[in-house]
Amino acid sequence: MSTQATSPALIQDAPKKIFYIDLLKVVLTVLVVLHHSFITYGAPGGWYYAEKTTSMGALIPMTIFVSVNQAFFMGFFFFLSAYFIGSSYKRKGATQFVKDRLLRLGVPLLFYSFILSPFLSYIVYYFAKGDHITYIAFLSGFHPWIDFGVLWFVAALLIFTMLYVLYRITFKSISFKKLKAPSASIIILFAAGVGMVSFFVRTLFPVGFVFKPLGFQFGHFSQYIALFVLGLIASANNWLNTIAFKTGKRLAITALILLLFFPIFYIIQKKFYMPPGGYSGGFQWQALLYAVWEQMIGFSIITALVCYGRKLWNKNSPVTEKLSRNTFAVYIFHPLVLISFSLMLRNWSANPAIKLLVVGPLTVICSFLLASVITRIPGVRKII
């Protein structure tokens, strides 16, 4: 499946005083929806249904969007999830915490794998491939029943969470406290280190390699693991409230500079006659350069969003709070909305890049509308 996407923060409620987390959850969820919309119409990545544009004028910005997006948005979700796990564990205790996680993470996984995923595959099979068979007939030959699709993130978060519980039970006296918020230079150095680890991992599991049936792309997991652990450390030391704004400002500038560096990857690819997947993995300097760049821009964006969010957006907003409440439902059901719209417009003769401009915003709006309805269903609210 596509991308790496949805969120720790989609699942846990932030403390009321950190209002900007609600807005960040909404922004990240919108990016998830747009990410898959871009992949549908031309950007690199796999999806249930795709119409790829061949226009380079559209492909280049689309590729930049998903590349920068991938550099931070799923890792940010893991960071936010971990940030609020500790308080939930302390409040509920080990047994109740595990029961709650199994309910709120396990049930969506089962629903997506056994109900939603087969249906999504069917409508693509029926409408895009023109094989007009009944749903029952389709299911009789359907075999990938364990398919978490976009919920690969939820599966990974469940595993990380259970490891955290095991850690808390085993090492009760070990604490993450007494670590001050890092400076911009420390964050960049750490990001470069994560990039080097990612490079070595990708020599075995290049980006694009998907571990079935969980849907994990191990090429990205160095960042996910690092940010999950950092979320635990940040929570224990109140980093969201203590990290200096100047750190976020400096890293916002760093992110802009690194973004301007992106065209150099195209120049290197042409000059050295690299294959399209040359940056995805393998023991070559180009893959190392990209892996380090990816983590440096990703960590920079995350830090900048936290710092600017705290300074500019830390206000209570009923609208933002309501939208934030529905982000997990949006994450689960946006593939249904996106695939439905893209299939409805499949016979439109417009360039796929033009379709993206229509389908992307429509999918975002309708996904939140659908989520607001779904979360009103009795019993559903307790899960998502």
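The values are calculated or read from the model by the stated rules, or taken from the named source; none is laboratory data. Computed from a prediction, not measured in an experiment: that's the story for all the values here. Methodologically, a virtual Cβ is constructed for each residue, glycine included, from the backbone with ideal geometry; neighbour enumeration extends over all protein chains shown. Accessible surface areas use protein heavy atoms only, side chains included; no ligands, DNA or RNA. Shrake-Rupley method; radii C 1.70, N 1.55, O 1.52, S 1.80 Å.
Return yes when VAL201 is touching a Gly at 6+ places or on another chain (Cβ under 9 Å), open to solvent by 30 Å² or more (accessible area, probe 1.4 Å), in a loop (DSSP other than H, G, I, E, B) and under 20 Å from MET296 (Cβ atoms) and no when it is not. In short, no. Scanning region 68-125 for residues that are basic (Lys, Arg) and touching an Asp or Glu at 6+ places or on another chain (Cβ under 8 Å) returns a single hit, LYS92. When PHE119, PHE153 are screened for being open to solvent by less than 30 Å² (accessible area, probe 1.4 Å), at pLDDT 95 or above and in a helix (DSSP H, G or I), only PHE153 passes. When region 233-245 is filtered for residues that are open to solvent by 20 Å² or more (accessible area, probe 1.4 Å) and assigned to a helix (DSSP H, G or I), the ones remaining, listed by number, are ILE233, SER235, ALA236, TRP239, ASN241, THR242, PHE245. When the residues of region 246-279 are filtered to those that are in a loop (DSSP other than H, G, I, E, B) and within 17 Å of ALA192 (Cα to Cα), the one that is least open to solvent (accessible area, probe 1.4 Å) is TYR279.
Where helices (runs of 4 or more DSSP H) fall wholly inside region 301-383, the ranges with 3 or more residues that are under 22 Å from MET62 (Cβ atoms) and in contact with a helix residue (DSSP H, G or I) (Cβ under 9 Å, 6 or more places away or on another chain) are 327-344, 352-374.
Annotation note: of PHE245, PHE272, the sole residue that is in contact (Cβ under 8 Å) with a residue 60 or more places away in the chain and out of contact with any strand residue (DSSP E or B) (no Cβ under 6 Å at 6 or more places or on another chain) is PHE245. If you go through region 171-190 and keep only what is in a helix (DSSP H, G or I), open to solvent by less than 80 Å² (accessible area, probe 1.4 Å) and over 18 Å from TYR83 (Cβ atoms), you end up with ALA184, SER185, ILE188. In region 50-105, the qualifying residues are those that are hydroxyl-bearing (Ser, Thr, Tyr), out of contact with any Phe, Trp or Tyr (no Cβ under 8 Å at 6 or more places or on another chain) and under 24 Å from ARG168 (Cβ atoms), and the one that is surrounded by the fewest Cβ atoms within 10 Å (Cβ to Cβ) is THR95. Of all residues assigned to region 94-114, none qualifies as being assigned to a helix (DSSP H, G or I) and closer than 30 Å to LEU256 by Cβ. Among the residues making up region 212-244, those that are under 17 Å from the mean Cα position of the chain (by Cα) and of a type in the set (Phe, Trp, Tyr) are PHE216, PHE218, PHE221, TYR224, PHE228. What tally of residues in region 1-43 results from selecting those that are outside any helix (DSSP H, G or I) and modelled with pLDDT of 50 or more? Adding up the residues that qualify gives 8. Residue count for region 362-372, restricted to those that are closer than 19 Å to LYS25 by Cβ and open to solvent by 60 Å² or more (accessible area, probe 1.4 Å): 2. Within region 123-142, being open to solvent by less than 30 Å² (accessible area, probe 1.4 Å) and either of a type in the set (Lys, Arg) or in a helix (DSSP H, G or I) (or both) holds for ILE123, VAL124, PHE138.
Restricting PHE84, PHE73, PHE77 to those that are of a type outside the set (Ser, Thr, Tyr) and over 29 Å from SER37 (Cα atoms) reduces the list to PHE84. Among the residues of region 243-272, those that are out of contact with any helix residue (DSSP H, G or I) (no Cβ under 6 Å at 6 or more places or on another chain) and modelled with pLDDT of 95 or more comprise ILE243, ALA244, LYS246, LYS249, ILE253, LEU256, ILE257, LEU259.
Within the set ILE339, ILE384, the sole residue that is open to solvent by less than 80 Å² (accessible area, probe 1.4 Å) and modelled with pLDDT under 95 turns out to be ILE384.
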